[in-house]
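The values are calculated or read from the model by the stated rules, or taken from the named source; none is laboratory data. Note that the coordinates shown come from a computational prediction; the quantities given were computed from them, not determined experimentally. A quick note on method: Cβ atoms are made from the backbone with ideal geometry, for glycine too, and the neighbour counts reach across all protein chains shown.
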Ligand code: HEC
């Protein structure tokens, strides 16, 4: 957790890997502990690899359920590297 905070601070300072998770929390919960809109998996219970796969897959249209369009809008502006970075900060 401390590492995540530090990474977030460094990113804020240097402007890298700047996925704005404040937006995500509106649907997924402060600690990604909720089923977003009642349909998603609990992201906090996923592992890093599956979060990466999900985020990059939503961007490329290769992953997701009936509401994947919602997530595509959230991630399409980020690079794969940014999505991999944020996946590490969301789960242990
Ligand atoms: C408007 C509400 C909303 C916002 C904002 C949002 N999500 Fe989601 N998220 C969803 C929904 C709904 C799903 C399930 C979509 C589906 O596959 O049908 C989902 C799915 C996911 C999944 C995969 C979970 C699964 O069920 O496989 C991850 C990981 C995720 N979101 C991360 C994020 C991140 C990171 C952000 C911010 C950049 C974000 N979400 C912003 C609603 C949202």
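Quick notes
- So residue 22, is it exposed (fewer than 14 other Cβ atoms within 10 Å of the Cβ), in a helix (DSSP H, G or I), at pLDDT below 95 and within 9 Å of the ligand (Cβ to nearest atom): yes
- Total residues in the stretch 53-66, condition more than 11 Å from the chain's Cα centre (by Cα) and surrounded by 13 or more Cβ atoms within 10 Å (Cβ to Cβ): 4
- Cβ-Cβ under 8 Å pairs, at least 6 apart or on other chains, the stretch 47-60 side in contact (Cβ under 8 Å) with a residue 40 or more places away in the chain, far side assigned to a helix (DSSP H, G or I) and crowded, with 16+ Cβ neighbours inside 10 Å: 48/87; 51/43; 51/87; 51/90
- Residue list for the stretch 61-82, restricted to those being in contact (Cβ under 8 Å) with a residue 12 or more places away in the chain and either assigned to a loop (DSSP other than H, G, I, E, B) or within 7 Å of the ligand (Cβ to nearest atom) (or both): 65, 66, 67, 70, 71, 74, 75, 76, 78
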